[in-house]
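Undergrad: I'd like to ask some things about the structure below.
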Amino acid sequence: MAGETDLSRLLQSMQPELSTGEFVFCTVLPAQVERLAGQAISLFREAEGVSLVLPRHEAEQQEISYQYPCRLITLQIHSSLAAVGFLAAVTEALAGWGISVNPVSAYYHDHLFVPTDQAEQAMDCLAQLVLAHRYSFQTMTTADREIVWQMLMHAAHESSLEAVKDQPALARYAAGWGRAGDMGIVALLQDQPIGAAWLRLWQGHNRGFGFVAEDVPELAIAVLPDYQSQGVGTQLLSRLLHSARGWYGAVSLSTRADNPAVKLYERMGFVKVPDSEVINRTGGVSFTMICELEGL
């Protein structure tokens, strides 16, 4: 639908920017407005008095009582004052992260006042909202076997599919994709796969590097180099873990100790399995991590 398309375009283009400094909300008598108006970044006349948003240091210097110490995030897109659903989508996303927000719409931009101690978290939330509307994410099916092989090549840091298929220890992560227990999410940009995350169960002697138990699937994840550090991996992992909750109690993975993604795994609830360090196939150190899904 046209309205949904327009909203998605706004969300993926909003360019949130966190300003320096801290602000507070105050209410003053009309007689005080002229003295403070020059320092206020927002002013609104209410029946009970005049509401101002002032720099915190200014309010304290003037000994004005205040509430809601906050930071200012400006959405740099020139959004229409008549845009339907734009701010609702933004505030709903922040609410989902447990972040309160006081939005103000000005002539050119929408502005968000968020609690000081949650400002960076709010920026992360908005970045994920932008990402969610820039790319599409789909559940993987048996028709996505080639995508699994391609992404496995990147996850294993191999230069060709042949190199992956020639190594049984790697090939088992993709061979026969679509068997019982397989589950995955693919990230698409204009219908082209740019990343994927998938789960696979192991039984008997056929075990992956991060095997924990036969009822705990192991995660594999990869994002194409040009799209790394843009939150794609976070979206993939978050969506996959959410889907897995109805099926599994936990998910495991194996990672190289020097993998920057370890911080992502920890943020998503994975913890290192004690005494799981091994020398990996490249001569470095890898270890196993596990995420208990019940508490997510």
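Undergrad: Consider a paramagnetic label point 7 Å from the Cα of TYR227 along Cα→Cβ; state which residues of segment 169-205 have an amide N under 19 Å from it.
TA: 183-199
Undergrad: Per residue of segment 236-251, in order, report the coupling 6.51 cos²θ - 1.76 cosθ + 1.60 (Karplus, θ = phi - 60°) as ³J(HN,Hα) in whole Hz, putting x for Gly and Pro.
TA: 4, 5, 4, 5, 5, 5, 4, 5, 6, 4, x, 10, 10, x, 7, 9
Undergrad: Under the Karplus relation 6.51 cos²θ - 1.76 cosθ + 1.60, θ = phi - 60°, what is the ordered set of whole-Hz ³J(HN,Hα) values for segment 215-225, x standing for Gly and Pro?
TA: 9, 10, x, 9, 8, 10, 8, 8, 10, 4, x
Undergrad: Now for a different question. What ranking of TRP202, TRP247 comes out by heavy-atom accessible area, probe 1.4 Å, highest first?
TA: Per-residue accessible area, sorted high to low, gives TRP247, TRP202.
Undergrad: Quick one: length gained pulling SER80 to ALA47 fully straight, 0.36 nm per residue minus the C-alpha distance?
TA: That pair, SER80 and ALA47, stretches by 9.1 nm at full extension.
Undergrad: For GLN121 and THR142, calculate 0.36 nm times their separation in residues minus their Cα-Cα distance, and state this gained length in nm to one decimal.
TA: Result: 3.9 nm gained on full extension.
Undergrad: Continuing with the same structure: Over segment 1-133, what number does the Rg to Rh ratio reach, with both radii from the alpha-carbon atoms and Rh per Kirkwood?
TA: 1.01
Undergrad: Can you tell which of LEU237, TYR248, ASN206 lies farthest toward the positive end of the dipole of the chain, using +1 and -1 charges on the Cβ of basic and acidic side chains (Lys, Arg; Asp, Glu)?
TA: So the residue we want is ASN206.
Undergrad: Next question. Can you figure out the FRET efficiency of GLN15 with GLU63, using R₀ = 25 Å and their beta-carbon distance, to the nearest 0.05?
TA: 0.10
Undergrad: What percent does the relative contact order of segment 63-214 come to when contacts are Cα pairs within less than 8 Å and at least six residues apart?
TA: 18
Undergrad: To continue, here is another question. May I ask you to evaluate 6.51 cos²θ - 1.76 cosθ + 1.60, the Karplus curve with θ = phi - 60°, for each residue of segment 267-274 and list the ³J(HN,Hα) values in order in whole Hz, giving x for glycine and proline?
TA: 5, 8, x, 7, 10, 6, 7, x
Undergrad: How big is the accessible area of PHE25 in square angstrom, nearest 10, if you roll a 1.4 angstrom probe over the protein chains?
TA: Counting only protein heavy atoms, the figure is 60 Å².
Undergrad: Would you mind checking segment 93-107 for residues with the amide N under 20 Å from a putative spin-label position 7 Å along Cα→C-beta of ARG134?
TA: Within reach of a label on ARG134: 93-94.
Undergrad: Once label points are set 7 Å from the Cα along Cα→Cβ at both ALA171 and HIS242, what is their separation, rounded to one decimal in nm?
TA: Distance between the two pseudo-spin positions: 3.7 nm.
Undergrad: Moving to a separate point now. Leaving out ligands, DNA and RNA, and with a 1.4 Å probe, what % of the accessible surface on the chain is carbon or sulfur?
TA: That share works out to 51 percent.
Undergrad: Grab the Cα-Cα distance for GLU158 and VAL278, subtract it from 0.36 nm times how many residues apart they are, and report the gain in nm with one decimal.
TA: My answer for the length gained is 41.2 nm.
Undergrad: Equivalent-ellipsoid semi-axes (√(5λ), Cα gyration tensor) for segment 60-119, whole Å, largest first?
TA: They are 23, 16, 9 Å, listed largest first.
Undergrad: With every protein chain in place, what's the accessible area of ILE99 (1.4 Å probe, Å², nearest 10)?
TA: Per-residue accessible area (ILE99): approximately 10 Å².
Undergrad: What ratio of Cα Rg to 2.2 N^0.38 Å holds for the chain?
TA: 1.27
Undergrad: In whole angstrom, how long is each semi-axis of the equivalent ellipsoid of segment 165-288, when you take the square root of 5 times every eigenvalue of its Cα gyration tensor and sort them from largest down?
TA: Three semi-axes, in Å: 21, 18, 16.
The values are calculated or read from the model by the stated rules, or taken from the named source; none is laboratory data. Since the structure is predicted, the reported quantities are computational estimates derived from the model, not experimental observations. Every residue, glycine among them, receives a Cβ derived from its backbone with ideal geometry; neighbour counts consider all protein chains shown. Ligands, DNA and RNA are excluded from the accessible area calculation, which covers all protein heavy atoms including side chains. Shrake-Rupley method; radii C 1.70, N 1.55, O 1.52, S 1.80 Å.
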